[in-house]
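*Asks:* Have a look at this one before I ask anything.
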Amino acid sequence: MSRPFDSMDPKVMDDDMLKVAVVEQGPQEEAGQLAKQEGILFKDVRSLQLDFRNILRIDNLWQFENLQKLQLNNNIIERIEGLENLIHLVWLDLSFNNIEAIEGLDTLVNLEDLSLSNNRIAKIDSLDALVKLQVLSLGNNQIGNIMNIIYLRQFSCLRTLTLSENPIAEAEEYKEFIYAYLPDLVYLDFRRIDEQAREASKLKHQYSIDEMKHREALMRARLEDEKAQRQMLEEHKLAFIERLNGPFLFNSMYSEDVEGNKLSSLPGVDELLETYKDKFVIICLNIFEYGLKQQEKRMAELDTFNECIQDAIRENQEQGKLKVTKFEEKHLLNLNAIREESDLPNIEKKLIECSDDITDLFNVLMTLEMQLVEQLEETINIFERNITDMVGLFIENVQSLMAQCRDLENHHHEKILEIAINTLEKILKNEMDEDLPDDVRALFVDKDTIVNAVGASHDIHLLKIDNREDELVTGINSWCAHLLDKIHREEIVRNRKRVKEINQYIDHMQSELDNLECGDIIDI
Amino acid sequence: MEVLREKVEEEEAAEREEAAERAEWAEKMERMTKTAEVSKEETIMTQDELRDLEKRLTSIEISIPAEYSFINKSLIDVTKLPPSYSTNSPKEEHLLQVADNFSRQYSHLCPDRVPLFLCPLNECNVPKFVSTTLRPTLMPYPELYNWDSCSQFVSDFLTMVPLLDPLKPPKYLYSSTTVLKCQKGNCFDFSTLLCSMLIGSGYDAYCVNGYGSLDLCLMDLTREVCPLTVKVKEVVKEEEKAMPKKYTVKPPRDLTSKFEQEQENKRLQEIKNQEEKRLREAEERLLAEEKAKPDPLHGLRVHCWVLVLAGKREVPESFFIDPLTAHSYSTKDDHFLGIESLWNHKNYWINMQDCWNCCKELVFDLGDPVRWEYMLLGTDKPHLSLTEEDEDVLDDDDDIDNLGKEEEDKSFDMPPSWVAQIEITPDEFETRCPNGKKVIRYKRAQLEKWAPYLNNNGLVCRLTVYEDLQCTKVLEIKEWYQNREDTLELKHINKITGLHVDYFRPGHPQALRVHSYKSMLPEMDRVMEFYEKIRVDGLIKREETPLTMTEYYQGRSDFLSYRHINFGPRVKKLTQNSAESNPRPMVKITERFLRNPAKPADEDVAERVFLIVEERIQLRYHCRDDYITSSKREFLRRTEVDSKGNKIIMTPDMCISFEVEPMEHTKKLLYQYETMIHLKNEEKLSRHQAWESELEVLEILKLREEEDDAHMLTISIYDTKRNEKSKEYREAMERVLHEEHMRQVESQLDYLAPFLAQLPPGEKLTRWQAVRLKDECLSDFKQRLIDKANLIQARFEKETQELQKKQQWYQENQVTLSPEDEDLYLSYCSQAMFRIRILEQRLNRHKELAPLKYLALEEKLYKDPRLVDFVKVFV
C-alpha cells in the first residue's frame, strides 16, 4: 500500500487530536462561538470524522458514549479495537486501512452500516452481534472462500453487499451463488440485483438451499422447544413446585441410596416398590397441582393489589395536577399584575399575597401526598396480612401432603424391614430358594446389619423428602419477604420522589418571585 | 236473552241521552245564531222587526246538497269509468241483498242504534258494499311497504275535506282511484285508500267506522306538539360503578360536620321545592290556557280510521292509525270515542261492546261472536274456543247469531272488489302533496313541505317554531334542503339570538360540516366544523371572534391539537393601495400538542406560546407519567447588543427554565441556542399558517355566498326525467329509431294498394278475387316492364336518327364549314354516341333484369299475407 502519507510518522489518537477534530466538526458561526465558549463534551458528540490522519491504533474513544457515526477511513489501523463503549454507533467506516481480521465489534448492536473495504481481511466472521446490519462493504479484501457467503445468511436486514475485487469475485458462479443464498439482498457490488437472474440462480441451487433451509428450520424448532421447556420450568420454579409433576423426587430418593437398591432385588420388594412409587407420585402430583393453583391465586391477588395501588396513585396525581394547573393560572395573572403595578406598597402587598399562595399550594400538595401515604400504608398492610396468610396456608397444606409422603415411606420401610427379616430368617435357616447377588447376601449376615442397611435407606429417603420440603418452604418464604420488602421500598421511593418534586417546584416558584422582587427593586 | 235485553236497554238509554243532547245542542246553536244576528242588527231594528226576522230565519231551511261538493264532475267522466263502477254483478247484487237483510234484522234487534254504514253509493250512484270498495294493493315503491311511511303518504297525498254532516257517515263512498285522481277526500276515503294499501302489503288492517274527538275529525293538530320539535331525550347511561376491589384505598376521612351538611341540604331542598312548585303552577296555567273548549258534539262526531291488528307483519300490538294525520295511536287513546263497525276486504263486523269508556275496554278479538257480530260466515278469523262457562251465554245469543245467516249460503264469500287497480305514477309519488306543497299547523309550530325540485333552491321542508299559541312571534326556523350542489342539508335560524347554523352533508368542496354564524362578514363570531377525514390538515373546528381564532385539529403527524391566535387592533396603513390586504397583527399564538409517545416527556412540548409583541416564547412540556409538575422554559427572543456593540448571541438569562428532573445537557447555552433558533423558525411557520387560515376563512365565506346566490341543484344520473344530458341523449336515440322506422315503411310501398282500392271496401277477399288480384298485379307489372323497354327503345331510335341526320348534314356541308362549326359538330357527335351507348346498355340491362323482377314480384305476391291463403291452395 503505497500512499503519500507513508512517509509521515504514525500518529497517536490522543485527547488533543480528538478535541481539535470535535471543535472543527462541531457547530459553526454563532453556535460555534457559544460552543467554543462552553466547550464541547465528548459524550455529546454524535458524529466524528478522523480520516487521513495516519492513525495506527484506535484509542481514547471511550468517552464518546453517544457517538452514532464514526469515520476512520484512510489510516493505517491494523486492528479493530477500542470501540467497545460506542454502543450507539450506527455507521462505522474503517475502509482503506490495514485490518486483517474482523474483531472487536461484539458490542455494537446498533450498527447498520459497516465499511471494511480496502483492507486485508480474509474471512467474514465475528459479526454475529450486528443484528441490524443493512450495508456491508468488503470490497478489495482477501476473501477467498465462497462459503463465507453462507455466514451472511443470518443477517435478515442486510440489503447491500460489496465483495468486488476479492478472490471469490473471480469465481465463475460468484454472483449466482450470492443471488441464491442471500435472497433478501437488493444491491450487490453497487448494482441492483436483477429479479430474473435471481430466480434463475435460485432454481439452479434449489436443492442445496432447500436442504440448508430444512436444517435451519430444524435447528430453530429445537431451540424453540428448549426455550419453551425452560420457560415452563421457570414458571414452575416461581410456584416452587418444580419437578414435582413426575417421579423425579422418587427417583432422586433412590439415586443415592445404595442399600435400598440392593434391597430391591429381594423377592416381593419389586411389587412393593412399584405400588409405593405409584402412590408417591400421585401425592407429588397433588402437591404440584395445588402449588400451581396457589401460584395463580397469589398472582391474581398481587395483580389486584397493584392495580388498586396504581389507581389510587393516579387519582392522587390527577388531583395534584389539577391543583398545580389552577395555581399556575392564578399565579401568572398575579405576576402580570405585579409587573404592571407601579405603586411600591401595592407591589409589596401583592408579593406577599403571591408568596402566601405558594405556601398554600405547598400545604395542599403535601396534604395530598400525606393522605396518599396513609391510604397506601393501610392497603399495603392489608395485602401483607393476606399474602402472608396465603403463604402460611400453602406451606401448611404442602407439609401435610409431605407428611403423607413420609407416612408412605414409613410404611414402606416397615414392609421392607419385615421382608428383610423374613429373608434373613430364611437365609439363616437356609430355606432360601432363590440366589441372591453376593453384595446383597453380604447384608444378611446378622440382624443388626440388615436393620442398619434398611434404616440407612429409610434415612436417606426421609432426608430427601425433608430437603425438598425445606426447599419449598424457604423458597416461598423468601419470595414473600422479598415481595413485601419491595413493595415497602417502592412506596418509600415514590414518596421521596414526590416530596422532592413538590419541594423543587415550590422552591422554583419562590425563587422566581424573589427574582421578580429584586428586579423590581432594581428597576425602582 | 237476559244479557242482550240489558244491553239493548242500556243502549236505549244512551241513545235517548244522546238524542236529548242533540236536541239541546241544536237549540243552543239556534239561539247562538240568533243572538249573533241580533247583536249585529240591534242598532237599527226594532223589537217587532226582530221578531219578524226571527220567524223568517227559522223558516229558512238549509238544504244540504246531496252531492259531494268537492268532486268536480268535470274532472271525472263517469262514462269513462270501467263497467264494474256503473253496474253490479249478480254476486254483488246478492251481497247487497244479504247486507240489506242483515241491516234490517239489525235495526229490528237494536232499534236504538244508528243504521249501519253498509252500502254507500259510489261515484256512479250505484250502491256498493263497503268491503268491496277495498282493493288490496301492494304498491311498487319500497318506501310504501311499511305502515308508517304508507300512512304518511296517504296523509300527504290527499287533501282533507270534512264530512258534510259531522254526525252521520257520508252517503257516498268513492273508489280509491277516483279519490287519487282528485287528491281530495273525507276520512272514509282516506281510510279506504290506506286500508287497501296496508292489506296489500300484508298487514291485518281494518277500516273502522266510529266516533272521534273534534281534533281528530277536523285534522286539527294545533294542540299537538310537532314531532320535529320534540327533542330526543338522550338516554343517560348510568355508568356502572365498578365494584370496589379488594384493595381499593379507603377515601380520606371526611371531617366536615354532618349536621351542617344536613341543614344545608334541607335549605337547598326547600328552595328546590319552591322552584318546582312555581314551575308546576306555571305549567298548569299554560296547560289550562291551551286546553280546548269543551266540544258540544263530543262523542257524536263520526270518524273513520284504520285499525291494524297484531299478528301479521310482526306487529306486536294492535293500534289505530288516523289516516288524516298519519299518526298512530294506541287502542286506548282518548281521541277515539267509540266504534260502530269495522270491515276489511273479506267481512264486516259490528261492535257489540259498550263504548261508555271510549275504546279503552274494547277487545279486538273478531272471532268472538259476543263482542263482534259478523256479517258473513266463513271468515279466516278463528272462532273462540269456548269454555264451559261461556256455553250458555252462547245459547242465549243464538238468536242473534243466527239472525244474519239463516237464509244465506254458508259458504258465501265476498265478491272481488269492483274498484280498478290503484295506481300511483312515479311523478305523483314524488310530488306527493297536491301541487307538491303542504302546510301543517302544530302547537306553536308550522310545518311546510315541498316536493323535491319544486323550489329552485332545493328547499323541501320548513319548520317555523313560534313562541305563542297564536303563532305571531317566530322563535326559530329550520329549513331542510335536498339535492343542493353545495350539500347544504339543514339551515337553522334562531330568531332571538340571530344565530344561523348551516349543516352540510359530506361532499362540500371545503369539507364544511357545520357553519354557525351571525353575519357573513369576516372577522365576526363564527364556528366552522369540518369533516376532518377529508381535510389534509386534520382541522375539525375553527372558532372565531372579532379578536381571536381557535382551531382544533385531530390526527396530525406533528400531534398539533389546538391553535389559538389573538389578534391586535388593525394598524391604519398609510399606503394608498387599499386593495392590498391588511391583516390584523397577531399578538399571541398558543399551540398545544398531544403527547408524542416516541419522545420522552421532558422533551415533548405540550404547549408553546409565542408572545409576538413581547418577543417571548413560552414552552410547557408534557408531564411525566408519575409526576404532577411539568417542565417549563421561557425564551426571550430579543437580541441585545452589549456595551461594545457586539451582538449578544445567547446569555443564560435569555432562557428561564424549570425542569422537573434537572439534566445536564439542557443547561448548556448551545442547546438553548439551538432550541431557540428552531423555535424562531417554528414561529414564522405558525404565523404563516395562521395567515393562511384567515385567508381560508375569507375564501370559504366567498364560496358560501356564491353558492347561496347560485343555489344549484344536483341531478342524479339515474334521474332520467331531470337529467338534461341523458334526456337529450335518449330523445336523440328515439328520433333516430323513429327515422329508421319511417324509412322502412317507405321502402315497403304497398304494390297491392291500387288493386285493392278497386274492390269494395270492408269486405273479405274471395279466392276468385284474390287470384284475379294477383293476375292483374302481375300483368300490370309486365305491362310496365314492356312500356319501359319500349320507352328506352324509342329514345334509342330517336337518338340514332338524329345522329344520322346530323351526319348527313355534315357530309353535305363539310366544305363550307368553319372550324368552329366543325368542332361543334364533332363534340355533338361524341356526346350523341355516348348517349346512344348508354341507352343501349340500359336496354340490355332491362332485358336481362325484367324477367327476374317479374319472377320476384310473383313470388312476393304468393307470400303476401293478404293473398297467401287463397293463392297457396290454388298453387
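*Asks:* Could you list all residues from the range A:441-454 that are in a helix (DSSP H, G or I) and free of Cβ contacts under 8 Å to residues at least 12 places away in the same chain?
*Replies:* A:ALA442, A:ASP448, A:THR449, A:ASN452
*Asks:* Moving on to the next point. Could you grab me the full set of residues in the range B:497-533 that are among the hydrophobic types (A, V, I, L, M, F, W, C) and surrounded by 14 or more Cβ atoms within 10 Å (Cβ to Cβ)?
*Replies:* Answer for the range B:497-533, where residues must be among the hydrophobic types (A, V, I, L, M, F, W, C) and surrounded by 14 or more Cβ atoms within 10 Å (Cβ to Cβ): B:LEU499, B:VAL501, B:PHE504, B:ALA511, B:LEU512, B:VAL514, B:MET520, B:VAL527, B:MET528, B:PHE530.
*Asks:* In addition: Looking only at residues that are within 32 Å of the chain's Cα centre (by Cα) and either free of Cβ contacts under 8 Å to residues at least 60 places away in the same chain or over 14 Å from A:LEU368 (Cβ atoms) (or both) in the range A:498-512, which one is nearest to the other protein chains (Cβ to nearest Cβ)?
*Replies:* Step by step, filter the range A:498-512, then rank; the result is A:GLU501.
*Asks:* Being in contact (Cβ under 8 Å) with a residue 40 or more places away in the chain, in contact with a Lys or Arg (Cβ under 8 Å, 6 or more places away or on another chain) and either among the aliphatic types (A, V, I, L, M) or not in a loop (DSSP other than H, G, I, E, B) (or both) is the filter here; which residues of the range B:443-486 pass it?
*Replies:* Within the range B:443-486, B:LYS443, B:LEU447, B:LYS449, B:LEU463, B:VAL465, B:LEU469, B:LYS478 meet the criteria.
*Asks:* Related question: Condition test on A:GLY144, is it modelled with pLDDT under 90 and over 26 Å from the mean Cα position of the chain (by Cα)?
*Replies:* Criteria met by A:GLY144.
*Asks:* Out of all the residues in the range A:226-263, which are closer than 27 Å to A:LEU483 by Cα, surrounded by fewer than 12 Cβ atoms within 10 Å (Cβ to Cβ) and among the acidic types (Asp, Glu)?
*Replies:* Listed by number, the list holds a single entry, A:GLU234.
*Asks:* Then there is this: Return yes or no: is B:SER411 modelled with pLDDT under 80 and either loosely packed, with under 14 Cβ neighbours inside 10 Å or in a loop (DSSP other than H, G, I, E, B) (or both)?
*Replies:* Spelling it out, B:SER411 is indeed modelled with pLDDT under 80 and either loosely packed, with under 14 Cβ neighbours inside 10 Å or in a loop (DSSP other than H, G, I, E, B) (or both).
*Asks:* Residues being over 42 Å from the mean Cα position of the chain (by Cα) and surrounded by 15 or more Cβ atoms within 10 Å (Cβ to Cβ): count how many of those fall in the range B:76-104.
*Replies:* 5
*Asks:* Got a number for residues in the range A:358-385 being of a type in the set (Ser, Thr, Tyr) and either crowded, with 16+ Cβ neighbours inside 10 Å or away from chain B (no Cβ under 11 Å) (or both)?
*Replies:* Looking only at that region, the number is 2.
*Asks:* Go through (1) touching a residue at least 60 places away in the same chain (Cβ under 8 Å); (2) on the phi > 0 side of the Ramachandran plot; (3) not aliphatic (A, V, I, L, M) one by one and return the number of the condition B:ASN125 breaks.
*Replies:* With (1) touching a residue at least 60 places away in the same chain (Cβ under 8 Å); (2) on the phi > 0 side of the Ramachandran plot; (3) not aliphatic (A, V, I, L, M) applied to B:ASN125, the lone miss is (1).
Rundown of residues vs (1) touching a Cys at 6+ places or on another chain (Cβ under 7 Å); (2) hydroxyl-bearing (Ser, Thr, Tyr); (3) under 30 Å from A:THR367 (Cα atoms), yes/no style:
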residue	(1), (2), (3)
B:THR256	no, yes, yes
B:PHE259	no, no, yes
B:GLU264	no, no, yes
B:LYS277	no, no, no
B:GLU283	no, no, no
B:LEU287	no, no, no
B:LEU300	no, no, no
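*Asks:* Let me ask you something else. If you scan the range B:202-219, which residues turn out to be assigned to a loop (DSSP other than H, G, I, E, B) and under 30 Å from B:PRO142 (Cα atoms)?
*Replies:* Passing the criteria: B:GLY202, B:TYR203, B:MET219.
*Asks:* Would you point out which residue out of B:ARG784, B:ARG866 is charged (D, E, K, R) and not in a helix (DSSP H, G or I)?
*Replies:* B:ARG866
*Asks:* Look through A:ILE465, A:ILE380, A:ILE419 and report the one residue that is in contact with a Gly (Cβ under 7 Å, 6 or more places away or on another chain) and either under 30 Å from A:GLY291 (Cβ atoms) or at pLDDT 85 or above (or both).
*Replies:* Answer to the selection: A:ILE419.
*Asks:* Okay, moving on. Taking the range B:573-602 as the region of interest, how many residues are at pLDDT below 85, touching a helix residue (DSSP H, G or I) at 6+ places or on another chain (Cβ under 9 Å) and closer than 29 Å to B:THR666 by Cα?
*Replies:* Summing the residues that are at pLDDT below 85, touching a helix residue (DSSP H, G or I) at 6+ places or on another chain (Cβ under 9 Å) and closer than 29 Å to B:THR666 by Cα in the range B:573-602 gives 1.
*Asks:* Kindly check whether there is at least one residue in the range B:666-680 that is more than 14 Å from chain A (Cβ to nearest Cβ) and modelled with pLDDT of 85 or more.
*Replies:* yes
*Asks:* Same structure, new question: In this structure, is B:GLU659 within 14 Å of another protein chain (Cβ to nearest Cβ) and buried (at least 16 other Cβ atoms within 10 Å of the Cβ)?
*Replies:* yes
*Asks:* Something else now. Can you name every residue in the range A:75-94 that is of a type outside the set (D, E, K, R) and buried (at least 21 other Cβ atoms within 10 Å of the Cβ)?
*Replies:* A:ASN75, A:ILE77, A:ILE80, A:LEU83, A:LEU86, A:LEU89, A:LEU92, A:LEU94
Conditions tested, residue by residue: (1) buried (at least 16 other Cβ atoms within 10 Å of the Cβ); (2) touching a Leu at 6+ places or on another chain (Cβ under 9 Å).
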residue: B:GLU423; (1), (2): no, yes
residue: B:GLY436; (1), (2): yes, yes
residue: B:ILE440; (1), (2): yes, yes
residue: B:ARG444; (1), (2): yes, yes
residue: B:ASN456; (1), (2): no, yes
residue: B:CYS461; (1), (2): yes, yes
residue: B:GLU467; (1), (2): no, yes
residue: B:GLN470; (1), (2): no, no
residue: B:LYS473; (1), (2): no, no
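*Asks:* Does at least one position in the range B:760-777 carry a residue that is exposed (fewer than 11 other Cβ atoms within 10 Å of the Cβ) and of a type in the set (D, E, K, R)?
*Replies:* Yes, there is a match, as at least one residue in the range B:760-777 is exposed (fewer than 11 other Cβ atoms within 10 Å of the Cβ) and of a type in the set (D, E, K, R).
*Asks:* Could you check the range A:311-357 and list, in sequence order, the residues that are of a type in the set (Asp, Glu) and either at the interface with chain B (Cβ under 9 Å from one of its Cβ atoms) or without any contact (Cβ under 8 Å) to a residue 24 or more places away in the chain (or both)?
*Replies:* Residues satisfying the conditions are A:ASP311, A:GLU315, A:GLU318, A:GLU328, A:GLU329, A:GLU340, A:GLU341, A:ASP343, A:GLU348, A:GLU353, A:ASP356.
*Asks:* Here is a follow-up. Taking into account only those residues within the range B:684-728 that are hydroxyl-bearing (Ser, Thr, Tyr) and at pLDDT below 85, which is nearest to B:VAL587 (Cα to Cα)?
*Replies:* So, considering only residues that are hydroxyl-bearing (Ser, Thr, Tyr) and at pLDDT below 85, the one nearest to B:VAL587 (Cα to Cα) is B:THR714.
*Asks:* Examine the range A:16-37 for a residue that is on the phi > 0 side of the Ramachandran plot, surrounded by fewer than 18 Cβ atoms within 10 Å (Cβ to Cβ) and assigned to a helix (DSSP H, G or I), and state whether such a residue exists.
*Replies:* Yes - at least one qualifying residue is present in the range A:16-37.
*Asks:* Only residues that are more than 13 Å from every other protein chain (Cβ to nearest Cβ) and crowded, with 18+ Cβ neighbours inside 10 Å: list them for the range B:605-633, please.
*Replies:* Result: B:VAL605, B:ARG608, B:PHE610, B:ILE612, B:ILE617, B:LEU619, B:TYR621.
*Asks:* Within the range A:53-65, is even one residue part of a loop (DSSP other than H, G, I, E, B), in contact with a helix residue (DSSP H, G or I) (Cβ under 6 Å, 6 or more places away or on another chain), more than 14 Å from chain B (Cβ to nearest Cβ) and under 30 Å from A:SER156 (Cβ atoms)?
*Replies:* yes
The values are calculated or read from the model by the stated rules, or taken from the named source; none is laboratory data. Fair warning: this is a prediction, and the values are worked out from it, not measured in the lab. Using ideal geometry, Cβ is built from the backbone for each residue, glycine included, and neighbour counts are taken over all protein chains shown.
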